[in-house]
Amino acid sequence: PVPPTPLHVAVAGGGIGGLAAALATARAGHRVTLVERAARFGEIGAGLQLAPNASLALDELGVLPAVRRTAVTPPRLVMMDALTGDEVTSLDLRAAAYTARFAHPYLVTHRTDLHAALLAACQEHPGVTLRTGHTVTGAEQDGSAVRLRFREGHPALTADAAVAADGLHSRLRRALVGDGEPVCSRYVAFRGALPAARMSGRMSRHAASEAVMVWAGPRMHLVQYPLRRGELYNQVAVFESDRWTPDSDDWGTEAELEERFAGACEAVRDALPLVSRDRRWPLYDRLPTDSWAHGRIALLGDAAHPMLQYLAQGACQALEDAVALGHALGEHADPARAFTAYADRRRERAARVQTGARRFGELCHLEGMGATLRNMLLASRGPEAFDDISWVWTPAPVPVP
Ligand code: FAD
């Protein structure tokens with residue numbers, strides 16, 4: 001139901017979370033101004049796994065058909081042992097047990113394609129205004145409005161409410177929650193997509209299978225999957241650095257990448273030269289906070305719940321946030337009440353996924369006897385054993401008001 005008086009809602013940040021939040025808010029009948037600090041909207045050249053909770057959210061936002069035009073529907077999620085090259089376990093994403101449990105598909109997509117689909121939907125919605133080159137430096141609020149200030153000297157933006165979707169290093173979160181800097185995991189990722197035709201020999205067999213491959217090894221792993229109708233292949237190599245220091249960037253280097261993966265099986269070693277080295281991504285998260293709603297300002301996406309990527313859920317949770325935000329803003333005329341309802345609905349689940357991601361990372365990076373036991377345990381499960389992952393892939397039901 002559209003509330004009696006449409007609000008003007010400012011959204012800070014035009015990543016996947018911010019665009020989805022803008023779209024959900026506009027679809028709930030409100031007017032949105034989204035401000036992004038970059039000169040142009042965009043995402044990086046790598047892939048994203050979208051579990052069925054995310055494709056449900058995309059469906060609710062009306063953009064699932066656009067995303068599906070280029071996304072790949074992988075048949076399997078496979079965990080391999082990165083040292084022996086043996087398959088540890090797999091999940092069959094085309095099994096009857098999958099469709100019985102999850103009404104929506106498991107997708108892998110190029111980040112640019114998902115971002116472009118959300119951007120196009122925002123551009124087409126008359127309720128959304130988009131502004132680039134606007135870096136939010138701070139926000140003030142009173143009982144009736146929020147004012148966002150910008151580094152570039154643009155006039156302040158006054159709105160009825162604001163959503164902070166400004167990512168891992170959120171400026172607004174820093175001011176509102178006050179829980180310091182994100183936590184560095186001492187792991188780093190090298191990642192990127194390349195033309196699938198470049199995967200030759202043994203590698204091309206994995207690429208052609210269209211499966212999501214996770215090669216788990218001691219304090220390192222490699223993830224591979226196809227993108228954009230299978231034309232591209234995404235590779236993400238992740239490892240823990242022994243050279244981390246808090247005040248330097250000289251850790252998690254390319255040389256360490258080579259060192260850490262030197263003992264891997266041939267399939268992983270063959271793939272490593274084709275892992276993009278353009279940029280290294282230190283991996284951060286935070287401990288969960290209860291503090292998502294601050295009067296007329298709410299946190300969303302990585303600004304609310306930055307998590308390690310081991311459950312492949314950061315963007316999925318941001319999409320769930322956006323849908324919940326839209327529902328709340330459709331139900332409550334007072335934005336502060338809507339934000340409290342949104343936070344109540346989301347924070348427990350997001351916190352569970354956030355802490356679960358750390359645990360899954362530990363499982364993935366076990367060495368020695370730990371890895372042997374993990375492999376034995378996981379091998380005892382069949383490809384239709386969705387019980388353990390089902391809570392992650394299923395959003396909490398919408399409460400009846
Ligand atoms: P961001 O993408 O960080 O967007 C924030 C936006 O705000 C940016 O556009 C930024 O320019 C803008 N901004 C920042 N500060 C300001 C400011 N002061 N003023 C205005 N604008 C500002 N998630 C998945 O669901 N599946 C996966 O498979 C997956 N794989 C991952 C693999 C790796 C290696 C990593 C590191 C992450 C992965 N994630 C995955 C997580 C996912 O990338 C993030 O959770 C998601 O992109 C967060 O989106 P966001 O919009 O909240 O933040």
Count of residues meeting criterion [within 16 Å of the ligand (Cβ to nearest atom) and either without any contact (Cβ under 8 Å) to a residue 12 or more places away in the chain or in a loop (DSSP other than H, G, I, E, B) (or both)] in the stretch 255-269: 0
Qualifying position, being modelled with pLDDT of 95 or more, within 15 Å of the chain's Cα centre (by Cα) and open to solvent by less than 20 Å² (accessible area, probe 1.4 Å), among Gln309, Gln317: Gln317
Neighbours by Cβ (under 7 Å, 6+ apart or cross-chain): first from the stretch 327-350, free of Cβ contacts under 8 Å to residues at least 40 places away in the same chain and over 17 Å from Ala22 (Cα atoms); second open to solvent by less than 30 Å² (accessible area, probe 1.4 Å) and assigned to a helix (DSSP H, G or I): Ala341/Ala328
Selected residue (criterion: least open to solvent (accessible area, probe 1.4 Å)) from residues of the stretch 97-111 that are part of a helix (DSSP H, G or I) and in contact with a strand residue (DSSP E or B) (Cβ under 9 Å, 6 or more places away or on another chain): Tyr98
Flag if Asp344 is among the acidic types (Asp, Glu), open to solvent by less than 10 Å² (accessible area, probe 1.4 Å) and in a helix (DSSP H, G or I): no
Qualifying residue in the stretch 244-254 (condition: open to solvent by 30 Å² or more (accessible area, probe 1.4 Å), of a type in the set (Gly, Ala, Ser) and not in a loop (DSSP other than H, G, I, E, B)): no
Failed condition for Asp81, given (1) within 18 Å of Leu319 (Cα to Cα); (2) open to solvent by less than 30 Å² (accessible area, probe 1.4 Å); (3) acidic (Asp, Glu): (1)
Residues located in the stretch 270-324, provided they are away from the ligand (no atom under 13 Å from the Cβ), in contact with a Gly (Cβ under 9 Å, 6 or more places away or on another chain) and in a loop (DSSP other than H, G, I, E, B): Arg277, Asp278, Ser291, Gly295, Arg296
Failed criterion for Arg352 (all others in (1) among the basic types (Lys, Arg); (2) in a helix (DSSP H, G or I); (3) over 30 Å from Pro6 (Cβ atoms); (4) more than 16 Å from the ligand (Cβ to nearest atom) hold): (4)
In the stretch 59-78, the residues that are open to solvent by less than 10 Å² (accessible area, probe 1.4 Å) and in contact with a Pro (Cβ under 9 Å, 6 or more places away or on another chain): Val72, Pro74
Residues within the stretch 231-252 that are in contact with a helix residue (DSSP H, G or I) (Cβ under 7 Å, 6 or more places away or on another chain), closer than 17 Å to Pro195 by Cβ and within 16 Å of the ligand (Cβ to nearest atom), tallied: 3
Lone unmet requirement of (1) of a type in the set (A, V, I, L, M); (2) more than 20 Å from Gly47 (Cα to Cα); (3) part of a strand (DSSP E or B) for Ala237: (2)
Hits in the stretch 35-48 (condition: more than 9 Å from the ligand (Cβ to nearest atom) and either open to solvent by less than 10 Å² (accessible area, probe 1.4 Å) or closer than 22 Å to Ala139 by Cα (or both)): Ala39
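If you check Ala12, Ala54, which single one turns out to be within 13 Å of the ligand (Cβ to nearest atom) and within 15 Å of Cys316 (Cα to Cα)?
Numbers: Ala12 fails: within 15 Å of Cys316 (Cα to Cα).
On inspection, the qualifying residue turns out to be Ala54.
The values are calculated or read from the model by the stated rules, or taken from the named source; none is laboratory data. This is a predicted model, so every value here is computed, not measured. Because the Cβ atoms are built from the backbone with ideal geometry, glycine has one as well, and the counts that use them run over all protein chains shown. Accessible surface areas use protein heavy atoms only, side chains included; no ligands, DNA or RNA. Shrake-Rupley method; radii C 1.70, N 1.55, O 1.52, S 1.80 Å.
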